[in-house]
Every structure is written in C-alpha cells, then in structure tokens.
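Here's the structure, in structure tokens; my notes come after.
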C-alpha cells in the first residue's frame, strides 16, 4: 500500500535515537520509537512505515526484507549506507540531507588548521571531492584569497574553477579529503590514496580526512607514517569503523570519532530537511522548522570578546577559531576512551566506546552563534578592519559597533 494512502497521523516511525528533535519534528505524524542506530534490527522496523537513520545504520535487504517501510530518511549528507538498488527495487522512497552539516565539517577543518598549522593562511590547499562539503570549503578558502587546487572527476572546468588532476591536489601544503565512498564505476574512491599516492605528499604537508575512512588505505598510511615523521595527519573517519585501528590512532596528530559534521546546527538541519521531505512525500504542509526549535536555545548567541587576545592577525584568528571550537578536546576524549587496555583486548568494547563518543558528543555550535563584541586593543583601525573582514568570512557574527 503506498505511503500516501495511510492515515497520516497514525504512521509508525522508527528512528535513530541520536537524531536531535526527532520527536518534536515527527510526533505529529504518528508514533516515534527510537533505537541505537548501529543496533537497528529487522524486528525494530518490521511494522514501521517510516525509517529515519544516520550513517551508522546499514539500510539494506537484511534490515528491510520483511518490513512495511515505505519511506527512508537519512539525516546525513552521505548515502553509502543505503542499498539504493534494493530500495528502488522495492519501490521505497529515500531521501538524504545534502549539505546539512557541510559548514560543520568546514569548521572542523579550520579548527584542525588553527591547531596544527598556525600559518595556514600562507599555505596552498588541495581539495579532493568538491561536492557539498568540499565546495563549501573551496568557497571559504577562495574568499580568503588562498590558492586552492580541486580534484573531482565528476566536475568540469565550466562548473568548477581551479579544477585539476589528483597529483596537483596532492602537491599542496594542506590536502583535504571530502569525497564519498564508491567502489565501482569509472572513478572509485576506495583507497584513492594508496601507498604510492601517500608517499608523494609534499614534505611537511598536512593531510585531513573528514570524508570517508576507506578513501585512504589505512594500512598503507600506517606504513608511510612509520617512515615519514614530517607528515601531519588528522583523521575523523577510519577504515574500519567503529573498531578502528588503535595503532594508527596513535600515529596521527588528531583523531576523532566521525564527528566533523556533528555540530548541533548541522544535525538539527539534517532532521529538518528529512522532515520537509516526508511532508512533501505525504502532500502536507510543514508545521515546524529548525529556527522555531532553536529559538529558545541559550547557546544561540554567545559573546566572544577578543580585546585581550594578543599577537598577529593570523594568531588572533586562530585564537578565535579555537575559542569557538577546539578539535584538540575531541581528540583527547577519543584517546582517553579508545586507547584503554580493554579496547585493545576486545574489539567489541572498542566499537561500543567509539559509538559512545558519538552518542555523548558535547553540543557544538557553529561560528555564526559566536558574536565578536570587541577586538584586540593593540590593533590599529586598519588592522581591526582587516581582522573583522576575515572573521566575517569565516562565519563569525560581528557586533554592529565592530562592523563599521
């Protein structure tokens, strides 16, 4: 029976428990039952009309074969956890949330740079994969006047400036990976960075993977890092997950548990996008939006005073970024929980702790929630104007008296 013929208020909705505001958005449409995403089983969805997931749930024949699900919504950019061929075969509608957490991932990259490469505003950048996330990062870096090379075999020079080959992107001072995971077709991304390509990275370069773990051959990366101490590596995604390679974790400078896109803003927008998609599918008007739910949140506007910050403009920018979001804090939590003896001895414990880090992730707000209400006293008016422009480009909110 098509979903649109069901009595809409009586929908049975099953959702990942980590989807924010899931009851606030969807309870008017029916009953909402939540479960841990990675533990979702066929029995949970057998009587469901709607399934709402994040990237940790594999949505495939095994999960859905005997279910009544007719609509799938993943509150994430990526869709590689969905068996799209099976869903089409079964006539099950599915929607993702492209771009919902793109800004969150960009801010993760900026925090890594402020933390590990303080002179990043004098660096060259290579972006591999220029979709929602990579495209947003490209626009941000370009707006700052930084040189960027882009590799994306699915784009043309007519649609994307600074497009070049993979070798060109890998020759940059900072290489950022934002490609989805594909294993078939003309341009598979699995192990795109194999041992040979990892070895061609520029001496002293920074490698950041906030896309999908297997885009880098993780065993090859271990081998290369054993020989090259000049490389700086930040990994948010791993091969495999959730039982990642602890030895590799100990080799990289920043290790996080697939949370680059985990800003509160991004997650809420992901929920809102799937809510709107379901409303459209049902032919009903949306009754609520993300702004309404966030309006009363005390973290919506946080004051960030910079008058006591010292140093050059670059140093002050780094301090502002890290005041808003310190990726090093996420790294420390990850190491504290995943490098224990229990994790080394039992991969199940390791996987559970990885998911625990994601489930209990602190509320992280994006740069627009931080209002710059004062600038360093030691700067001239010209320097303050330049600093204000850069902060605004990064996404910070400027108090009106600082905007002149």
Return the residues of the stretch 245-270 that are under 26 Å from residue 20 (Cβ atoms) and in contact with a strand residue (DSSP E or B) (Cβ under 8 Å, 6 or more places away or on another chain); say none if nothing qualifies. 254, 255, 256
Yes/no for residue 243 being out of contact with any helix residue (DSSP H, G or I) (no Cβ under 8 Å at 6 or more places or on another chain) and either buried (at least 20 other Cβ atoms within 10 Å of the Cβ) or in contact (Cβ under 8 Å) with a residue 12 or more places away in the chain (or both): no
Here are the criteria: (1) in contact with a helix residue (DSSP H, G or I) (Cβ under 8 Å, 6 or more places away or on another chain); (2) within 30 Å of residue 11 (Cβ to Cβ); (3) surrounded by fewer than 21 Cβ atoms within 10 Å (Cβ to Cβ). Tell me which single one residue 261 does not satisfy. (3)
Can we say residue 87 is over 22 Å from the mean Cα position of the chain (by Cα), more than 20 Å from residue 171 (Cα to Cα) and either surrounded by 16 or more Cβ atoms within 10 Å (Cβ to Cβ) or at pLDDT below 95 (or both)? yes
Among 72, 77, the single one that is part of a strand (DSSP E or B) and either farther than 30 Å from residue 25 by Cα or assigned by TED's automatic domain parsing to the domain that holds residue 13 (or both) is 72
Inside the stretch 362-404, the number of residues satisfying the requirement of being over 27 Å from residue 101 (Cα atoms) and assigned to a helix (DSSP H, G or I) is 9
Matching residues, the stretch 180-208, being modelled with pLDDT of 95 or more and under 18 Å from the mean Cα position of the chain (by Cα): 189, 207, 208
Between 162, 167, 173, 115, which is on the phi > 0 side of the Ramachandran plot and at pLDDT 95 or above? 162
Assuming residue 207 fulfils every condition listed in (1) surrounded by fewer than 22 Cβ atoms within 10 Å (Cβ to Cβ); (2) without any contact (Cβ under 8 Å) to a residue 60 or more places away in the chain apart from one, which condition is it? (1)
Could you look through the stretch 330-347, keep only residues that are out of contact with any helix residue (DSSP H, G or I) (no Cβ under 8 Å at 6 or more places or on another chain) and in contact (Cβ under 8 Å) with a residue 24 or more places away in the chain, and pick out the one that is surrounded by the fewest Cβ atoms within 10 Å (Cβ to Cβ)? 347
Candidate set from the stretch 293-317 (those that are assigned to a helix (DSSP H, G or I) and touching a helix residue (DSSP H, G or I) at 6+ places or on another chain (Cβ under 9 Å)); member that is farthest from residue 398 (Cα to Cα): 293
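The values are calculated or read from the model by the stated rules, or taken from the named source; none is laboratory data. Values in this document were obtained by computation on a predicted structure and should not be read as measured data. Note that each Cβ is placed from the backbone with ideal geometry, even for glycine, and that neighbours are counted across all protein chains shown.
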